[in-house]
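This report concerns only the one structure given below.
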Amino acid sequence: MRELSQIDQELRQVRRDLDRAGKLDAMLADLGKQHLQQRKKAAEAFERLNRAEEKEAFLASGREAEHETGKLRRDKQEVAQARARYEEAEWDLRDLEDRLWDVKEERAKLEQQESRYQALLKEKEQYLCCTGSSQVPRLVEIAREMGTADRLIREEQEALQAGEEALKRLKELAGALEQAKGRGWDMPGGYISMQTVQAYARDTRGALSRLRTELAGLTPKDVPLVDLEGYSAFADCFLEQLFSDLFEPEGEKQTREGVTNTLCEVEALVDGLRRELEGQKNTKQSLQQEREKLLAGT
């Protein structure tokens, strides 16, 4: 096991490298925008040069009279100016590309520093645990809380994906119902329209079932902003009536109302999941920062 002073010294150096990497990332973003603008400028200058040269060649071929020499001289001057602007734009572009390449090279050398930094934090954490530091109880608590945050982030992401898919299917079903509006099974074109509705209804039922499965791993304590019990009861009722309503005399109307209400419920649920997910990510970030402060003093 290395001495604590050795670990701290390397941590400080790697931290400086990471700070430099952050500045380089900002520089790369800015240089990337400049590069796009300069490429456009060079292309426009090249196009103007081509037009000037074509104009000079066309007019020069038809000039034989001596009094036309003044105009020809102006055309040549215009070409010379256009070529100078183009060469200047090309020089600026090459200079910008050289700077961009240099920054990319420097950034590439720092690519592994983040993983090295995390490894050093882990090494120092193990050192403190072995030596019985007063920081250990809080570090252990942070590790536990981060584990919980990671689990909730994963489960909320899966539930959110299922919710977004359910929204998509509900909207498709609503569109099919709108097209089939006023057409029963026994009306002209109604059979095909209602078959289409049935197909969308099956997809919607599958998506809502998957959403319910993903939500089963979460509790009201995990996601207080989401009405899990209310949604579960509502979804059960809707799924039970979805297909039976379609065969009733007023089934299409009842199904359309049910889909509209379910859309509202799922939109509210998805919105709550998004806010919960964002909150968990912020919690994890705060825990990471606290752990880093305890171990690296940053």
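The values are calculated or read from the model by the stated rules, or taken from the named source; none is laboratory data. Here the structure is a predicted model, which means the values were calculated and not measured. Positions of Cβ are generated from backbone atoms using ideal geometry, with glycine treated the same way; all protein chains shown enter the neighbour counts. Accessible surface areas use protein heavy atoms only, side chains included; no ligands, DNA or RNA. Shrake-Rupley method; radii C 1.70, N 1.55, O 1.52, S 1.80 Å.
Here are a few things to note about the model shown:
- Yes/no for LYS168 being out of contact with any helix residue (DSSP H, G or I) (no Cβ under 7 Å at 6 or more places or on another chain), within 27 Å of TYR200 (Cα to Cα), assigned to a helix (DSSP H, G or I) and at pLDDT 90 or above: yes
- Matching entry among ARG94, ARG99, ARG107, ARG116 (being open to solvent by less than 70 Å² (accessible area, probe 1.4 Å) and among the basic types (Lys, Arg)): ARG107
- Some residue of the stretch 22-35 being open to solvent by 90 Å² or more (accessible area, probe 1.4 Å), in contact with a helix residue (DSSP H, G or I) (Cβ under 8 Å, 6 or more places away or on another chain) and either assigned to a helix (DSSP H, G or I) or free of Cβ contacts under 8 Å to residues at least 60 places away in the same chain (or both): no
- Tally of residues being in a helix (DSSP H, G or I), over 19 Å from SER5 (Cβ atoms) and under 33 Å from the mean Cα position of the chain (by Cα) across the stretch 93-146: 29
- Criterion (in contact (Cβ under 8 Å) with a residue 60 or more places away in the chain and not basic (Lys, Arg)) met by exactly one of GLN112, GLN135, GLN161: GLN135
- Scan of the stretch 251-283 for residues that are β-branched (Val, Ile, Thr) and open to solvent by 30 Å² or more (accessible area, probe 1.4 Å), ordered by number: THR260, THR283
Residue-wise test of (1) modelled with pLDDT of 85 or more; (2) within 28 Å of ALA149 (Cα to Cα); (3) open to solvent by 40 Å² or more (accessible area, probe 1.4 Å).
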{"site": "SER193", "(1), (2), (3)": "no, no, no"}
{"site": "PRO220", "(1), (2), (3)": "yes, yes, yes"}
{"site": "VAL223", "(1), (2), (3)": "yes, yes, no"}
{"site": "GLN285", "(1), (2), (3)": "yes, yes, yes"}
{"site": "THR298", "(1), (2), (3)": "no, yes, yes"}
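- Meets criteria (at pLDDT below 90, surrounded by 12 or more Cβ atoms within 10 Å (Cβ to Cβ) and within 30 Å of SER115 (Cα to Cα)) for LEU72: no
- Applying the criterion of being closer than 14 Å to GLU114 by Cα and open to solvent by less than 60 Å² (accessible area, probe 1.4 Å) to the residues of the stretch 1-14, the residue that is nearest to the chain's Cα centre (by Cα) is VAL14.
- Flag if GLU178 is in a helix (DSSP H, G or I), open to solvent by 30 Å² or more (accessible area, probe 1.4 Å) and at pLDDT 90 or above: no
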